[in-house]
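Here's the structure, in structure tokens; my notes come after.
The values are calculated or read from the model by the stated rules, or taken from the named source; none is laboratory data. Since this is a predicted model, take the numbers as computed values, not measurements. Ideal geometry is used to build each Cβ from the backbone, glycine not excepted, and the neighbour counts take in all protein chains shown. Quick note on the areas: whole protein, heavy atoms, side chains included, nothing else; ligands and nucleic acids left out. Shrake-Rupley method; radii C 1.70, N 1.55, O 1.52, S 1.80 Å.
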Amino acid sequence: MGLPSHWWKDQKPFLDALFAETAGDSGQPGKSGWVWLSEQQSREASERIRSAEESEAPLGAWMPPEAHEACVEMLEGVVPLATRGDLRADRWMRKIHNPMLFADPARPDQLWIALHESAPPPLWIPAGTTADSLAAAFAPYAWPETQDPLPSVVGLSRSVRIFIGTETGMGADFDTIVRFFQGMPMTDSLPWGTRFSEDPWPDRPTGIALIGAGYRMAENMAQAEGAVPSITMRSRRLGAALSVSSMEQFCVLEVRYTPVAHESILPLLTQLLPGLPKGLPSDMPVDALAVVARCRGYQADALLEFVRDPEEVSSLGYHAMGCLAVMGDDGAAVRTLLAELGGRDDPRQRSLGYHVASVARHKRFLHEALLRETDESNVQTLKNALRP
Amino acid sequence: MSEQVVYFLREDVSLRSIFEGVAREGFQVVRRAPRRGDAAPFFSVDMGEGRYMLLVDSALLGVRLIDWKSGKPMPAWLESSVVRRTADELAARARDAKTPEEKIATLCEAVVALAPNLPDGIRAVLAARLRDSEEAVRWMAHKSVVTLSDASLEQTLGEMLAGGPVPEDMEPWARELHELAVRAVRGDYIDDLATDNEDYLRDAVRRDLTEKKWRRVEVAAARLLWKEMPLYELEAAAAWAKAMAATGRVWKAYFAALLVSEIERSRGQEGLAAVVRAEIEPTLAAREDLPAREDLHPVLWIIRDRLNDDYTAACDRALDAMDAHVKNLEAERLLFRAISLRNGPEGRPLAKKLRELLPGAITPLALLAYLHGSDDTGDEALADAEALAAAMAQRELAAEGKAEPPPPEIASFDTWAEGILAYQARRPKDLIREHIRILQKRGDYEGALRAAERAIAAKDTALAWMDKGFILTSMKRHADAIAAYTEAIARVDKDGQVLLGGSYDVLWFNRACERAISGEHEGALRDLAIAVEKDEKWIEKAREDDYFDSIREDPRFEGILTKTYELPPESSPFDWKTLADRAKGLSFLGRYEEAIAAGREALRKAEKALPPEDPGIATCLENLGFAATWGGDPQQGATALRRAVAIRERIDADSREAGEAYHHLGSALGMTGDGAGAELYYGKALALREKHDGVESAMAAKSWGDMSGLSLGAGRRDEGIERLRRARSILEKVIAGFQAEGRAADDDSLVEARADLLTVCGNLLLTHARGGEYEPAIEAARGAVAEAAHLGTRINPNLRSSIAQTLQALAEQGAPGALETLAALADAVLPKEPPEVIESRVRWSRIRAGLEALRDAGFGDDFILARLKDALRGEPPPPAVARVAGATEALSGFVQEIATTQGTNIVVTIMALQTAEAGGRTLDETLHDLQELAIASVGASVENKGSQKEQGKPSPAKSDEPPPWERDPFGNPYLDSEMNRRLGYGDEDDDSGYDDSEYDNSGEDDEGESDEDGYDDEDEGDDEDD
């Protein structure tokens, strides 16, 4: 008796072996939890994905327009192979999860996992060719299939901060910007404010907790007194946390995450999206990366370069404030910025440094500046500001 | 003792590298301070084995340090990232600093590392820096003092002020702050404790206890312990006891610690309070001072918590312990012991003993009255209650100088005990009516009445009159009771006495009862309305109370109870005409029952006021008849209208009014089934309408319309249709005429004519549709729709749905044009739904389609209901369901719709599903109900949203339109120019500066202003231990 073989005839040999090892009974999850699709189901899934423009998560919700054409091209000929069986939603049951295993004739050496069937190919996770590689690739995204508690947000060891623009420049107030992120396909729908240092929502709201989530929303989105307004939400598969903050209207997206190795994804995204923030780490989870991919912006290092660039002096104030916002809690980095500005020859540029220090409440810098400052106007201003 | 070592993070070491190292070590960041504008960020890192490291980054002082709380050596990577300093080194560096820069740097390092309690060496340096000749140095020192503890602040500022000349810019604030610090150290700064924030108070108790700020501990703990709705706070009680002990109030401390220690002991704990007890108790016997009355206040906790089952035994032991030490306070001991027994009979002998101990005191009498309990009507209870009342009356007289005052020690005890009684039992003055209550319960009304009159004689209050009223009500002396209640009501506003456990509303209710039974119906209704207005609890009582039987049939009675009837102002005239007009108006509003009542009253008054053949009486009869006819009693209506017609025929048979009387009578007879009579009077009415208004008048059309109903009802279909067509033809001409006159669209006559025409067309549609005559039916429907387009939402909803249903039936039968006409009707009359509602309808239709697919796949309704309930519980659908296309989406969509529509809740949903499961409603009906509920909620939410921002609701990402921040953040010319303008770069002509409240660059313009610190230095650094 031979092993079962897969119906897709253009396959690479590994597919039969993988299918034989991981397929369960018809319609049932097999080893590693994937439910293999019949040829008919695959065709239906393809049709569904092609018509995704009408769904809740069309291509535009995943990718900036400049990558759409490439994404559509990449979708040509791809073959949906398996799903995770029962559909799951995010914690507020607002967004359906339907991870899908794909074969891509253009990238035939391995299979690919989309965290949701309509996720575009640049965000697909390389899944290798074996049952083990498939399981390993999906493992970081298995929640809520696992019963593990969600990771503590404060314990997420890595972070990336991106300045995404000002509220004025974006033409949107903070609430609107937050709602945009909440509406993205790869974020969870339950956000919280700085009043909570940890996720105040239950891991698996059901019944009354689920129904009551709307009522608790305002309370859980409250801000701590004196805090830089910031709203945090988990990523869709709940392993990362995304915070949007607005410091003096300068908005920053922070992603905190546990590293995941997907080295091929970021280079492809970088190629397709010239506006993608530079210097992103390659170990971000895909659900978090999918959020970042929708934004343009700069990390602190790039902004500091702008601050240092004499050619950019006409936008110095903007760069400096963006830099301050994106540096956040990193006091040493802020002091580098302040030192840069405070050391300028132009008294107005030094004055800008004092303004930034004032916003950041770096008082020692200001007192030290008073010792050094030679411009009478700046001296007077500093004295007025610092005198008890 | 090991030397304190501080590890400063080198400035060239990035925060990221530290966290990467932390992750490599397997340490876990467990706390990250909120990013607060006014607090230094800090991170707590769990290093395992109960060891933690803190990373603090103080923006204020420009220093980062690591507090390494591990007994182990630092890992090499971290060691190479830090600079190690001992406290002595820090002090030496700060002391030896020469240049202002060095002074600032070393001061900041030392303060950030060693605050809040600075060692002497560094404190001395800080004091010196606060007087430094360099402004920047002393001002930095000024900023850094906010990190200090109260004690360090007090010492530092004290040294600074005593250490020599103080610069002018430092002295005022330093003196003020020093004074506050002195108070804070002394612990008598308590202004912040005047709060109801219990978390704050608990924090204060804990913090101040460690700092031994006893005054603050005492105040904060007391606020927690004596709050209005007390729940025993063991921690606060223990803290309070400690504060008492520490401040030499040993007896108070002991009594406070009694209960805490007993409770702790019952839990197998030996907490701090027990230690206090252990340390204090052995010393008590040797003490020279004895406990004073006030020392016993903590015993109240014991008494209060004795009722808590968990604490009863501990409380009893505590009381026993108390007894052993308060031999000198026998009265107080008896009082506490008796109160602790509450209503138990064991308390009474103690109270009697107290009475013997303190003759003439109020307290034992009040205690006895209280301890009898409310059911006790025995002689002893009565005697005790009377004794209390008499003693209280005596005190009243004494207060007015009309009797001997009690001895001072008795008065003093009573005053003190009143507080105890008020807190634990009932105040004496709340018990002085007990004897009246007992007498009433015993049926001795005469005795009760005498007692009540004595009470009034002693003090003329609403309460006393109310008691008298109650007694008179019990005696069924209704007139006297009304008088007593009236006296009481007159005193309510002036009466300082508070009615315990009730309100004075009862006065109006009881007077309403008495007036009702005495035949004063108008007054009864008015009093009842007032009582109901004051408190809705009287509604049910009124329904049940047989006192109101005499007015129960009056529609106003029910109107008052359902709050649909508003009594006319008392001063307005109740003449027959006013009432007749009111009856007519109420009929037009559809409030027929009230109209009938008003009509009857109008008729009654008119009959008294007018001659029998007066047109006014006919008017009253017509209004009454109309109301009765349409209010469901056409027989009664016909009777009244026949009388009206008879009067009209006798006095002005050809008048317009006679015509209307005929028409109303025709309607009434038609409703009673007397078709011939109806035909006769409709005919007479038509003749008079044609005579006065014209053959082709709106009034004539109304007659034709009503007469068509008679024809159709009698099976004379052709005649009916003919009459309808006649009516339609007339109305179309009337409307055309109005339009030619240029009448406004909302002209009452035009609107009425259109409404009549719509009705006529609707009836034609129905008649033709029933006859299967599609073409004329649709033609009539189009006529109706044409009017509907003008009338919009003003159309009677019943008529609208009747037309719609008829058209829907015609459409189903395939009548040409029916569907289009139905759509046109919908366009014309249905309110336009907001997009959110339409979207919700679409989502629900998907849900319904998905569930329908399940049915198609062979699943029964019970199975589907069970899956819906599973979905609400978060259960995934079984594979068999998931395989049905659209089913999973329908189930999750169902939960989502329920979850996200605020008007629908889980209880309603589950009840609805359970009702359906039990067979109460079908699945379709249930889904329809839930859908409508959800959609209504969406609609309401859209309405309410207005300009409010709706937090928490994700906005769907649009496919084609990039969000604004996809533009390069630096590519915005407006923003660049705006920022440049603010910073003074862009426009050379505009150097007005920063124009920014945070940072004012205008320099000298601000000189001399008191608050110029644009840098907002509130609270910096004081949250590092947040």
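See the values below:
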read-out: Residue-count net charge about B:Cys761 - beta-carbon cut-off 11 Å; Lys, Arg +1, Asp, Glu -1; value: 0
read-out: Net charge of Cβ neighbours under 10 Å - reference A:Leu272; Lys, Arg +1; Asp, Glu -1; value: -2
read-out: Sequence ranges A:126-132, A:247-253, ranked by mean other-Cβ count within 10 angstrom, highest first; value: A:247-253, A:126-132
read-out: Calculated FRET efficiency for the pair B:Ser412/B:Leu180, C-beta based, R₀ 30 Å, to 0.05; value: 0.15
read-out: B:Lys541-B:His521 FRET efficiency (beta carbon distance; Förster radius 25 Å; 0.05 resolution); value: 0.85
read-out: For B:Gln4, net neighbour charge (Lys/Arg +1, Asp/Glu -1) across residues whose Cβ lies under 11 Å away; value: -3
read-out: Å² of accessible area per residue within the protein assembly as shown, as computed with a 1.4 Å probe and no ligands counted; value: 44 Å²
read-out: Mean Cβ neighbour count within 10 Å, used as a protection proxy, ranking B:631-642, B:454-465 highest first; value: B:631-642, B:454-465
read-out: Neighbouring partner chain Cβ atoms per residue of B:641-647, average, 10 Å criterion; value: 0
read-out: Number of partner chain Cβ atoms within 10 Å, mean per residue of A:171-180; value: 4
read-out: Solvent-accessible area of B:Arg223 with every protein chain in place, 1.4 Å probe, in Å² to the nearest 10; value: 90 Å²
read-out: Buried on assembly, the range A:282-298 (at least 50 Å² less accessible surface than by itself, 1.4 Å probe); value: A:Arg294, A:Arg296, A:Tyr298
read-out: Farthest toward positive dipole pole in the protein assembly as shown [+1 Lys/Arg, -1 Asp/Glu at C-beta], among A:Val260, A:Ala227, A:Pro99; value: A:Pro99
read-out: Extension reserve of the B:Arg16-B:Arg716 stretch, reckoned as 0.36 nm per residue once the Cα distance is removed; value: 242.5 nm
read-out: Dipole of chain A, positive direction: furthest Cα of A:Leu242, A:Leu289, A:Gln110, with charges on the beta-carbon; value: A:Leu242
read-out: Simple spin-label estimate for A:Arg308 and B:Thr312 in nanometres, 7 Å along Cα-Cβ; value: 7.8 nm
read-out: 20 Å Cα-Cα reach of B:Lys353 towards lysines, excluding residues that sit fewer than 8 places from it in its own chain; value: B:Lys327
read-out: Share of carbon and sulfur in the accessible heavy-atom surface of the protein assembly as shown [1.4 Å probe, %]; value: 51 percent
read-out: Contact order normalised by residue count of the range B:1-130, Cα under 8 Å, 6+ apart, percent; value: 25 percent
read-out: A/B buried area, accessible surface, summed, 1.4 Å probe, Å²; value: 9600 Å²
read-out: Point-charge dipole on Cβ atoms (K/R +1, D/E -1) for the protein assembly as shown, about Cα centre, debye to 20; value: 4100 debye
read-out: Packing-based order for B:278-285, B:845-852, using average beta carbon neighbours within 10 Å, highest first; value: B:845-852, B:278-285
read-out: The range B:582-693, dipole about Cα centre (Lys/Arg Cβ +1, Asp/Glu Cβ -1), debye to the nearest 20; value: 260 debye
read-out: Entries in A:Lys383/B:Lys98; B:Lys441/B:Lys468; B:Lys584/B:Lys605; B:Lys537/B:Lys563; B:Lys441/B:Lys476 that, when Cα-Cα distance is taken, lie over 18 Å; value: A:Lys383/B:Lys98
read-out: Linear extension gain, B:Ala885 paired with B:Asn796, 0.36 nm per residue minus alpha-carbon span; value: 27.8 nm
read-out: Computed accessible area, B:Glu719, all protein chains, 1.4 angstrom probe, square angstrom; value: 70 Å²
read-out: Percentage relative contact order, the range A:300-386, counting C-alpha pairs under 8 Å, at least six apart; value: 19 percent
read-out: Spin-label pair A:Ala261/B:Asp203, simplified geometry with 7 Å Cα→Cβ offset, distance in nm; value: 4.6 nm
read-out: Simple spin-label estimate for B:Glu101 and B:Asp861 in nanometres, 7 Å along Cα-Cβ; value: 8.7 nm
read-out: Per-bin percent of Cα-Cα distances, the protein assembly as shown [10 Å]; value: 1, 6, 10, 11, 12, 13, 14, 14, 11, 6, 2, 0, 0
read-out: FRET efficiency, 1/(1 + (r/R0)^6) with R0 25 Å, evaluated for A:Glu44 and A:Ser5 via beta carbons; value: 0.70
read-out: Cβ neighbours within 10 Å from other chains - mean over A:365-378; value: 5
read-out: Chain lengthening between B:Arg770 and B:Lys327 when straightened (0.36 nm per residue, less Cα-Cα); value: 149.5 nm
